[in-house]
Amino acid sequence: MMKESQTSKRALADQEAYTSKEPPLSGTGTGTTDISSVQRFDVDLSVDGSLRPGTPIQLRLSARNTLEPTPATVRITLPEAALLQRARGKQKGKQPRVSVEMNETLSSAVEVNQHMGSGQTVNRTKRVTIEEPGYYRVLATAHAPDAPITAKDGRWIDNLTSRVLWIYLSEEGGQITDRFNPDLLPDDARKQPGPLTMRDERFRFTTSSSASSSGQSTAKLSGPIDLSLSYVQIQGNVVRPVEDAEVEVTLYQGQNDQAVNGYSRDTDAQGRVTLSCPGNGYYAIARVYADNSVVNVNDTYSQEMATYHFDDNDCGDMVSLNADSRVAHTYLQMSDAIDASRSFFNHSRGEIQVVVGSRGSVYDPGEDRIYLEESDADGGEFNNFIISHEYGHALHEKGLQGNEGGNCPRPHFLSGAHNLTCAFSEGFANYHAVVTVDNYVRGRVEYNYYYPGRSTTSTSTPLDDGSIIEGAVAAFFYDLTDPANESHDNLNFPGSYVADIIETCEVDGARADGIDQIITCLQKSTVNYNDYFPNRSLTSSGWTEGATEPSGWDRTDIRKLWYMNLYGEVYVPPVHAGISGSQYLDEYETGSWTASASGGTGGGYTYDWEVSRNAGSTWFGICGGSSTCTYDAGAISSTLDARIRLTVSDGNDSDTAQKSFIVNNNGGGDGGGGDIGCESAVSTNRICL
C-alpha cells in the first residue's frame with residue numbers, strides 16, 4: 001500500500017541525513033507487575049582481538065544449564081559475516097555483493113548439540129577472521145527446544161537465552177558495542193550493518209541470486225528500487241520477511257540537504273516494497289518503522305527498525321535490508337496476537353506502543369504503553385506468551401472499559417495466591433494469551449495446572465481458594481469458551497460474551513474487580529459467599545450486566561466450572577422434585593402421577609409419596625418408593641380438595657413438591673346414589689358441592 005504525502009511525517013523534523021536523533025523513550029509509571037520467569041541458561045559472550053579487518057578475532061562462549069538435564073543446542077552466529085563469507089566464496093571480486101534469501105538458515109560459527117546435565121557448562125572458543133571493515137553482529141544462543149515450560153517455584157522457565165554483541169572493524173582498530181551504533185561509521189558511509197560501504201558504492205546486500213561481483217558504482221539512473229526487508233530469527237538463525245512494515249521515504253536535494261518531498265509505503269507479505277528512483281541531484285532516506293494501525297514497536301535507542309540511504313546509483317537495483325531481530329519479531333508476533341484477539345473477543349482498542357528494552361515486561365496503564373524485556377523478545381515459546389499477555393492488559397484497560405484489578409505483589413506467578421483483584425487482572429491477561437497464542441501454556445491452563453496455588457512468601461503450603469490464584473482464574477475463563485470436552489465443562493461460549501461481561505458487569509454500582517463479581521454477572525445470581533470467596537468481606541446487594549446470553553447458557557453449567565476451577569470441587573446442584581399427572585378425578589376414578597427429579601449426584605433417587613384428603617391438614621403415605629404413583633379415593637360423601645406430595649432424596653439432599661387435585665362426588669359414594677345433580681357428572685373439571 002502506498003501513502004503519498006508532501007513530506008514524511010517523522011523525517012522532516014530531523015534534517016540529519018543518516019540516523020535518527022530522537023531521544024530514548026522512557027516511562028515513569030509503575031504499571032501492572034510483570035510475570036516472573038527463570039532463564040534456563042546462563043550465557044556469557046566475549047570478543048577479543050585487534051578489531052582490524054583481516055586479523056583474527058577470538059570469540060568466547062560459556063553456556064550453563066541451571067535446571068534439570070535436557071538436550072540443548074548452543075550456537076554462535078555472525079549473520080552479516082556469514083553471508084559475506086558465502087559471497088566471497090562464490091564471487092571473485094574484492095567487494096562481492098551479498099545475496100540474502102528469505103527463509104534460509106544461516107551457518108553458525110559454533111554449534112554444539114548435546115545433552116546438558118544440571119549445572120553443566122559448555123565452553124567454546126572460536127577464532128574468526130572477517131576480511132572487510134564494517135559493523136558485524138555476534139549472536140550467541142542456548143536453546144532447549146524440547147524442554148517443557150515447566151514452573152520452578154511458581155515461575156515459568158524460558159528455554160531460550162541469547163546474547164548479542166556488535167563488532168566494529170576498522171583499519172585503525174574498532175570497538176565492541178552492545179548495540180548497532182551508526183555514529184561509529186564514517187560520515188560518507190552507508191549506515192548499515194555488514195561490510196563498510198560508501199555512499200557512492202552499490203548497496204552490498206541484494207535479493208538477486210545473480211549478484212554482480214563488485215560493489216562499485218554502476219548507476220542505472222532509471223527504474224524503481226526493489227527493497228526486501230528481513231530479520232534473523234534468533235530461534236533457529238532463519239532469515240524471515242518483515243510484513244506490513246512502514247517505510248517512510250524522505251527525498252532530499254543533494255546540494256543543501258533540504259527535505260523536499262516524501263511518501264510512505266508498506267512492505268508486502270514477502271517483506272518487499274518498491275521505492276521510487278530519487279533522480280539526478282537528489283538522494284533519499286527510507287526509514288523503516290515497525291508500525292501499522294494496531295501496534296508500533298521500537299527499542300529504547302531508536303524508533304527506526306532499519307534505515308536505507310539511496311540515490312540514483314541504486315535505481316533499478318534489488319536490495320536487501322536487515323531489521324533489528326527483537327523489534328521485528330515483537331512486531332510480527334504482536335500483530336498476529338492482536339489479529340487473533342480481535343477475531344476471538346470481537347473487541348478492539350487503539351494502537352498500542354511497545355518499547356523493547358531493559359525495564360521489564362509490563363503494561364503501564366498510565367502511559368498506555370507496553371515495555372518488553374529484551375529476553376522476552378527472542379522468540380522463545382514463553383516469550384510469545386508474554387507478548388500476548390501484556391496486550392491482554394492493554395485490551396482490558398482501553399478496550400473493555402478499564403481494568404479494575406491489579407494490586408499484585410512483585411514478583412507474581414501463575415500459581416501464586418495473591419488477592420482477588422490481582423488474580424482477576426492477571427487471570428484475564430493469561431487467558432488472553434492462551435486463546436491467541438497456541439503453545440505449551442494453553443495445555444497447562446486447560447487442565448488447571450496452577451491450582452491449588454502457592455503464596456509468594458511460602459511456596460510449600462498449598463492454598464485452595466482459586467479466586468485469588470491467577471492461573472485458576474485463567475482456567476475458569478478458558479473453560480467458558482473452549483470446547484465442552486471435560487466432565488465439568490458443558491459450555492462453549494463465544495469469546496465476545498466473556499468480553500461483554502467484563503466490559504459491562506457492575507456490582508453495587510461499581511465495575512467488577514474480582515472473579516467472584518464476574519461470576520455473579522455470568523450466572524445472573526450472587527455467588528455463595530457463605531461457603532466460598534472468603535476474601536470478599538462484603539456480599540453484593542445488586543448487580544447489572546449488558547451482555548446477551550448466548551445459546552446454551554445455563555446457570556448450573558457455569559457453577560460447575562467455577563466450583564471445579566476455583567475450588568477443586570464437583571458442583572452438585574440441589575435436588576429438584578416435580579410432579580405431573582391427574583388434576584381432576586371422579587369418584588372411584590384412579591389418579592396417576594409421575595415424579596421428575598434432577599440435581600444431586602445423579603447416582604440414584606429415592607421417592608416418598610404422601611396424600612392428603614383435607615387440603616394438606618393431615619398426610620399419609622402411599623405408593624412405596626416408586627417413581628410413579630396411583631391412588632383411588634374410593635367412596636366419598638363430598639368433593640375432596642386433595643393434595644399429593646413427593647419427596648425426592650439423593651444422599652443427604654432432598655426436595656419436596658406437591659400438587660393439588662380434586663375428586664368430584666359424582667359416583668354415588670354416599671350410598672344413596674350420590675349428591676343430587678351429580679350422578680351423571682363425567683366432566684373432569686366439574687366440582688359437585
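In segment 423-471, how many residues are among the aromatic types (Phe, Trp, Tyr) and at pLDDT 95 or above?
Of the residues in segment 423-471, 3 are among the aromatic types (Phe, Trp, Tyr) and at pLDDT 95 or above.
State whether one or more residues within segment 500-507 are at pLDDT 95 or above, open to solvent by less than 70 Å² (accessible area, probe 1.4 Å) and closer than 20 Å to Met564 by Cβ.
Yes: segment 500-507 contains one or more residues that are at pLDDT 95 or above, open to solvent by less than 70 Å² (accessible area, probe 1.4 Å) and closer than 20 Å to Met564 by Cβ.
Of all the residues that make up segment 551-581, how many are loosely packed, with under 15 Cβ neighbours inside 10 Å and under 28 Å from the mean Cα position of the chain (by Cα)?
Here the count works out to 5.
When segment 253-282 is examined, which residues are found to be assigned to a strand (DSSP E or B) and under 43 Å from the mean Cα position of the chain (by Cα)?
Residues satisfying the conditions are Ala259, Asn261, Gly262, Tyr263, Ser264, Arg265, Asp266, Arg272, Val273, Thr274, Leu275.
Considering Ala340, Ala328, which residue is among the small types (Gly, Ala, Ser), open to solvent by 10 Å² or more (accessible area, probe 1.4 Å) and part of a helix (DSSP H, G or I)?
Only one candidate passes the filter, namely Ala340.
Each row is one residue, and each column tells you yes or no for (1) open to solvent by 20 Å² or more (accessible area, probe 1.4 Å); (2) at pLDDT 95 or above.
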{"position": "Pro56", "(1), (2)": "yes, yes"}
{"position": "Val74", "(1), (2)": "no, yes"}
{"position": "Thr77", "(1), (2)": "no, yes"}
{"position": "Leu84", "(1), (2)": "no, no"}
{"position": "Leu106", "(1), (2)": "no, no"}
{"position": "Pro133", "(1), (2)": "yes, yes"}
{"position": "Asp146", "(1), (2)": "yes, no"}
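Listed residues Ser62, Ser118; which is among the hydroxyl-bearing types (Ser, Thr, Tyr), assigned to a strand (DSSP E or B), open to solvent by 20 Å² or more (accessible area, probe 1.4 Å) and farther than 20 Å from Gln233 by Cα?
Exactly one residue qualifies, and that residue is Ser62.
Residues in segment 289-297: is at least one of a type in the set (A, V, I, L, M, F, W, C) and either at pLDDT below 95 or touching a Leu at 6+ places or on another chain (Cβ under 6 Å) (or both)?
No, segment 289-297 contains no residue that is of a type in the set (A, V, I, L, M, F, W, C) and either at pLDDT below 95 or touching a Leu at 6+ places or on another chain (Cβ under 6 Å) (or both).
Considering each residue of segment 624-639, count those that are under 15 Å from Glu610 (Cβ atoms) and among the aliphatic types (A, V, I, L, M), and give that number.
Qualifying residue count, segment 624-639: 1.
Restricting attention to segment 223-252, which residues are surrounded by 20 or more Cβ atoms within 10 Å (Cβ to Cβ) and more than 29 Å from the chain's Cα centre (by Cα)?
Ile225, Leu227, Ser228, Glu248, Val249, Thr250, Leu251, Tyr252
With (1) in contact with a Gly (Cβ under 9 Å, 6 or more places away or on another chain); (2) surrounded by fewer than 24 Cβ atoms within 10 Å (Cβ to Cβ); (3) modelled with pLDDT of 95 or more as the list, and Tyr301 as the residue in question, which single condition is left unmet?
Single failed check for Tyr301: (3).
Against the conditions (1) farther than 23 Å from Val239 by Cα; (2) at pLDDT 95 or above; (3) among the acidic types (Asp, Glu), where does Asp336 fall short? Just the number, please.
The number of the failed condition is (1).
Mind checking which residues of segment 223-252 are among the small types (Gly, Ala, Ser), touching a helix residue (DSSP H, G or I) at 6+ places or on another chain (Cβ under 9 Å) and not in a strand (DSSP E or B)?
Answer for segment 223-252, where residues must be among the small types (Gly, Ala, Ser), touching a helix residue (DSSP H, G or I) at 6+ places or on another chain (Cβ under 9 Å) and not in a strand (DSSP E or B): just Ala245.
For segment 607-656: of the residues being under 25 Å from Val575 (Cα atoms), assigned to a loop (DSSP other than H, G, I, E, B) and hydrophobic (A, V, I, L, M, F, W, C), which is modelled with the highest pLDDT?
Per the criteria, the residue is Trp619.
The values are calculated or read from the model by the stated rules, or taken from the named source; none is laboratory data. Bear in mind the structure is a predicted one, so any value in this text is a computation, not a measurement. We place every Cβ from the backbone using ideal geometry, glycine too, and count neighbours over all the protein chains shown. The area values use the complete protein model at the heavy-atom level, side chains included, leaving out ligands, DNA and RNA. Shrake-Rupley method; radii C 1.70, N 1.55, O 1.52, S 1.80 Å.
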